[in-house]
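Novice: Submitted below is the structure of interest, expressed as structure tokens.
Just so you know, all these numbers are worked out from the coordinates, no wet-lab data involved. Please read these numbers as outputs of a predicted model, since none were measured by experiment. All Cβ positions, even for glycine, are placed from backbone atoms using ideal geometry, and neighbour counts span all protein chains on display.
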Amino acid sequence: MSRKHKGGFRSPGGTDSMKVTSVTDLPGLQVFPCPVCGLDDVLPMAGELRRCACQRCGTFEITGTTVATLGDWATDKPRLRAGLSAYLRQTGLQGIVPRLTSELDLTRIADSYCHTSFQTKLRRVMERYEELTSEPGDLVLLNDDLDYPLFDAASPGEVGFLTVVLV
Ligand SMILES: [Zn+2]
């Protein structure tokens, strides 16, 4: 059964198929901050399944219900949000577009990225420097603000600290 929208537009897929809506599908329409990390202007306003192309979390898909669930995390669960961001970014690196739905235990997934050892984080920061370097001795800058999910870090500040330890 298809729903009628305002203005007489019919939903093409009915309710069974989940059509992915991305920011580029809706030119000129309002977009919202990333529901996971809060980076600006990446989440389409509407759609059953929305594609979010976040520079910090990478590209992922999320259902409207899950966007609402994460709204509750806004103030009281900053560490879990960083963990979820790490999950998304690192899954994306494997060539997978992760999909956040209400069937997933988001707290458990996020939490599994919140207890990474200090040594592992340091190693990842070093590996990232290595990736960015083409010649030994090159000046390389990490983008702490966008790349902290790569290291399971809680914030850009933690990446700054890890970098200081390395130097
Ligand atoms: Zn994000």
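Novice: Would you mind ranking 22, 85 so that the residue whose beta carbon has the fewest other beta carbons within 10 Å leads the list?
Specialist: 22, 85
Novice: Quick one: 114, 52, fewest Cβ neighbours within 10 Å first, how do they rank?
Specialist: 114, 52
Novice: For helix 78-92, what angle does its Cα long axis make with the longest principal axis of the chain, in degrees from 0 to 90 and rounded to 10?
Specialist: In the chain, helix 78-92 runs at an angle near 90 degrees to the longest axis.
Novice: What value, in deg cm²/dmol to 500, does the helix sum -39500 (n - 2.57) over DSSP H runs of n ≥ 4 give at 222 nm once divided by the residues of the chain?
Specialist: The helix-only estimate for the chain comes to -10500 deg cm²/dmol at 222 nm.
Novice: So for the chain, taking the charge dipole from beta-carbon charges (+1 Lys/Arg, -1 Asp/Glu), which of 97, 142, 159 sits furthest toward the positive end?
Specialist: Positive-most Cα among the choices belongs to 97.
Novice: A further question follows. Looking at the chain only, what percent of DSSP beta bridges run antiparallel? Nearest 5 please.
Specialist: In the chain, approximately 65 percent of DSSP beta bridges are antiparallel ones.
Novice: Rounded to the nearest 20 Debye, what is the dipole magnitude of the chain about its Cα centre when Lys and Arg each give +1 and Asp and Glu each give -1 at the C-beta?
Specialist: 760 debye
Novice: Have a look at the chain and give its Rg and Dmax from the Cα atoms, expressed in angstrom.
Specialist: Rg, Dmax (Cα atoms, Å): 18.3, 63.
Novice: Where does each of 135, 130, 61 land when they are ranked from fewest to most other beta-carbon atoms within 10 angstrom?
Specialist: Result, fewest neighbours first: 135, 130, 61.
Novice: Same structure again: Return one number: the angle in degrees, 0 to 90 and rounded to the nearest 10, between the long axis of the Cα atoms of helix 156-166 and the longest principal axis of the Cα atoms of the chain.
Specialist: 20 degrees
Novice: Work out the length of the dipole vector of region 16-111 about its Cα centre, built from +1 on the beta-carbon of each Lys and Arg and -1 on the beta-carbon of each Asp and Glu, and round it to the nearest 20 debye.
Specialist: The dipole magnitude comes to about 280 debye.
Novice: Report Rg(Cα)/(2.2 N^0.38 Å) for region 118-166, keeping two decimals.
Specialist: Ratio of Rg to 2.2 N^0.38 Å for region 118-166: 1.05.
Novice: With the contact rule set at Cα under 8 Å and sequence spacing of 6 or more, what percent relative contact order holds for the chain?
Specialist: 16 percent
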